[in-house]
């Protein structure tokens, strides 16, 4: 999702060799329909023992072609006991591994909207279905983008799966009554109405 060739995240230098050597667990598709925000912590604890940070774990959770999403369970994740780090990896991206940021999400959202009229019209709806209604990426894709080319579908799946895990991370760290993934969704809704990402920070935390 990023275009910078310079790797500025020192932790990426620790994670990248593990990815390249295949030293990680595989739990692809462990999340289909998203648990409700108030149930995310319980779900992550039951399925991933997310609070057990006594030993380091890197888990492959999504794979779309050469685009991979990992979560890292580590003592370096300190926002809450349930915190984890999301990584995206692809040999065709620069840098090839990165923690997708809220800025990255916003930039890709804007870029995708320029790629096809159906995406421009329905992408914000898809984001609402995913994070508000907690539907699976597969369900969302079938609902809005079934007629698109395979290439466009892959780009959308990359974005939606990344958004899904960022949303889960927010819900884990900021569960109800805090806003969690609602903040991400609110930012995307503002972008849809014409706000620039830099302006959104004047309104909400993003």
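The values are calculated or read from the model by the stated rules, or taken from the named source; none is laboratory data. Just so we're clear, the structure is a prediction, and the values are computed from it rather than from any experiment. Note: ideal-geometry Cβ built from the backbone for every residue, glycine included; neighbour counts use all protein chains shown.
Given the residues 182, 98, which is the only one that is crowded, with 17+ Cβ neighbours inside 10 Å, farther than 20 Å from residue 69 by Cβ and out of contact with any helix residue (DSSP H, G or I) (no Cβ under 6 Å at 6 or more places or on another chain)? Just a single option satisfies the conditions, and that option is 182. Please tell me if residue 132 is touching a helix residue (DSSP H, G or I) at 6+ places or on another chain (Cβ under 9 Å), at pLDDT 95 or above and either surrounded by fewer than 17 Cβ atoms within 10 Å (Cβ to Cβ) or within 19 Å of residue 84 (Cβ to Cβ) (or both). It is true that residue 132 is touching a helix residue (DSSP H, G or I) at 6+ places or on another chain (Cβ under 9 Å), at pLDDT 95 or above and either surrounded by fewer than 17 Cβ atoms within 10 Å (Cβ to Cβ) or within 19 Å of residue 84 (Cβ to Cβ) (or both). Each residue in the stretch 1-25 was checked for being at pLDDT 95 or above, exposed (fewer than 13 other Cβ atoms within 10 Å of the Cβ) and not in a helix (DSSP H, G or I), and 2 pass.
Note on the stretch 29-75: residues that are in contact (Cβ under 8 Å) with a residue 24 or more places away in the chain, outside any loop (DSSP other than H, G, I, E, B) and farther than 14 Å from residue 18 by Cβ total 13.
For the stretch 96-111, enumerate the residues that are part of a loop (DSSP other than H, G, I, E, B) and at pLDDT 95 or above.
Residues of the stretch 96-111 part of a loop (DSSP other than H, G, I, E, B): 96, 99-101.
If the condition is that a residue be part of a loop (DSSP other than H, G, I, E, B) and at pLDDT 95 or above, then 96, 99, 100 are the ones that fit.
Number of residues in the stretch 161-193 that are without any contact (Cβ under 8 Å) to a residue 40 or more places away in the chain, part of a helix (DSSP H, G or I) and over 22 Å from residue 38 (Cβ atoms) equals 1.
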